[in-house]
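Undergrad: I'd like to ask some things about the structure below.
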Amino acid sequence: MRKKIDFKNMTAKQIILIVVGFGLSVTGLVLSIILFASNLYTSEELNKISLTDDSVQTVCDSCVIKPDQSLWLKVRNRQIEYTDISLLVRVEALNRDLSKNEDTSFQIVNFRNQFGNHVYYRLMSLDEFEGLETRITLVRKGDDKMTNEASVALRQYDGMKFSFSYILMILIGVGTLVYGIRSKKNHV
């Protein structure tokens with residue numbers, strides 16, 4: 001059977017321990033989430049592109065694709081969302097008979113990642129081109145014109161990162177919280 005916590009009969013020491021423990025736990029959790037979300041990818045900017053030009057734009061003449069890399073559009077804000085702009089991306093292996101086309105529409109946003117002052121939209125996975133030298137081109141389609149600065153970036157997934165100090169902060173906070181709740185009231 002669960003013991004009910006009676007907050008009316010708690011001492012000031014218990015209340016302070018509960019508040020400090022809760023504060024440490026939440027702070028550690030928030031800092032861990034921020035660390036995790038901001039370090040998912042390493043980016044390598046390739047080339048600036050125009051979101052008003054309908055001609056073929058070369059992103060990269062000769063790029064070697066590393067493991068877990070994908071192609072992303074990098075813009076300053078989310079204005080491109082729900083416009084009729086789409087990007088047709090073509091990736092060709094230079095040494096082999098391998099190519100891939102993918103059309104990305106921004107009317108429905110599939111996968112984006114915001115980091116710093118930039119928003120990244122995933123254009124294409126490049127798993128089948130890993131270790132190959134490639135040429136990357138794209139064509140903008142649609143009636144909407146955007147003058148915003150944009151570029152294409154290769155981003156590599158770095159995996160999850162955790163900080164031992166933040167996890168320790170969470171554990172100390174939970175321990176302090178439990179101690180504050182379970183400590184007995186001193187009788188004189």
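Undergrad: Compute the acute angle (0 to 90°) between the alpha-carbon long axis of helix 164-182 and the principal axis of greatest extent of the alpha-carbon atoms of the chain; round to the nearest 10°.
TA: The angle comes out near 30 degrees.
Undergrad: Within 10 Å of each candidate Cβ there may be at most 11 other Cβ atoms; applying that plus a DSSP loop requirement, which trypsin sites (Lys or Arg not before Pro) in region 1-52 survive?
TA: Details: sites: R2, K3, K4, K8, K13, K48; in loops: R2, K3, K4.
Here the trypsin sites (Lys or Arg not before Pro) that fit, given the DSSP loop and packing criteria, are R2, K3, K4.
Undergrad: Check each of the GluC sites (Glu not before Pro) in region 1-103 and keep only those in coil by DSSP with at most 16 other C-beta atoms within 10 angstrom; list them in order. Can you show the working numbers first?
TA: On the way: sites: E44, E45, E81, E92, E102; in loops: E81.
When the GluC sites (Glu not before Pro) of region 1-103 are filtered for loop state and at most 16 Cβ neighbours within 10 Å, E81 remain.
Undergrad: Whenever you get a sec, line up Y179, Y120, Y157 from highest to lowest accessible area (probe 1.4 Å, protein heavy atoms). Write out the running numbers ahead of the final one.
TA: Numbers: Y179 125, Y120 15, Y157 100 Å².
From most accessible down to least: Y179, Y157, Y120.
Undergrad: Return the tail of the calculated pair distribution for region 12-57, meaning the percent of Cα-Cα pairs more than 16 Å apart. Please list the in-between numbers first.
TA: Values: 691 of 1035 pairs.
The answer is 67 percent, as a whole percent.
Undergrad: If amide H atoms are built 1.01 Å from N in the plane of the peptide, which residues on other chains or at least 5 residues away come under 5 Å of the amide H of S183?
TA: Long-range HN contacts for S183: none found.
Undergrad: Considering only protein heavy atoms, what per residue accessible area in square angstrom results for the chain with a 1.4 angstrom probe? Don't skip to the answer; put the middle values down first.
TA: Numbers: 11830 Å² over 188 residues.
Normalised by residue count, the accessible surface of the chain is 63 Å².
Undergrad: OK, next. What is the Å³ per residue value for the convex hull set by the Cα atoms of region 38-188?
TA: On the way: hull volume 23.0 nm³, N = 151.
Enclosed volume per residue, from the Cα hull, is 152 Å³.
Undergrad: How much length, in nm to one decimal, is gained on full extension between S151 and V178, taken as 0.36 nm per residue of separation minus their Cα-Cα distance?
TA: Values: separation 27, 0.36 × 27 = 9.72 nm, distance 5.03 nm.
Result: 4.7 nm gained on full extension.
Undergrad: Then there's this: Treating the beta-carbon of each Lys and Arg as +1 and of each Asp and Glu as -1, no other charges, what is the dipole magnitude of the chain about its Cα centre, to the nearest 20 debye?
TA: Values: 24 positive and 21 negative charges, 408 e Å.
Here the size comes out at about 1960 debye.
Undergrad: Another one. Projected onto the charge dipole of the chain (+1 at Lys/Arg Cβ, -1 at Asp/Glu Cβ, origin at the Cα centre), which of L73, N101, S62 gives the Cα projection farthest towards the positive end?
TA: Of L73, N101, S62, it is L73.
Undergrad: If you don't mind, there's one more thing I want to ask. Angle check, please: helix 12-38 long axis (alpha carbons) against the longest principal axis of the chain (alpha carbons), in degrees 0 to 90, nearest 10.
TA: 10 degrees
Undergrad: Let me ask something else about it. Which percent of the accessible area of region 132-171 is formed by carbon and sulfur heavy atoms (probe 1.4 angstrom)?
TA: Details: 1280 of 2220 Å².
C and S fraction of accessible area: 58 percent.
Undergrad: So, one more: Please list the non-local residues whose amide H lies under 5 Å from the amide H of F106, H modeled 1.01 Å from N, same-chain partners needing a gap of 5 or more.
TA: I85
Undergrad: What are the residues whose amide H is under 5 Å from the amide H of A150, where those residues sit 5 or more places off or on another chain and H is modelled from the backbone?
TA: HN-HN under 5 Å from A150: I49.
Undergrad: Quick one: check the C-alpha center-to-center distance for region 133-185 versus region 105-122, whole angstrom.
TA: 14 Å
Undergrad: Here's something else I'd like to know. Quick check: with the 1.4 Å probe, what order do F111, F129, F164, F7 take by accessible area, largest first? Provide the component values of the computation, followed by the final result.
TA: Working: F111 95, F129 0, F164 155, F7 130 Å².
I get F164, F7, F111, F129, largest accessible area first.
The values are calculated or read from the model by the stated rules, or taken from the named source; none is laboratory data. Note that this is a predicted model, so its numbers are computed, not measured. Note that each Cβ is placed from the backbone with ideal geometry, even for glycine, and that neighbours are counted across all protein chains shown. We work out accessible area using only protein heavy atoms, side chains counted, and drop any ligands, DNA or RNA first. Shrake-Rupley method; radii C 1.70, N 1.55, O 1.52, S 1.80 Å.
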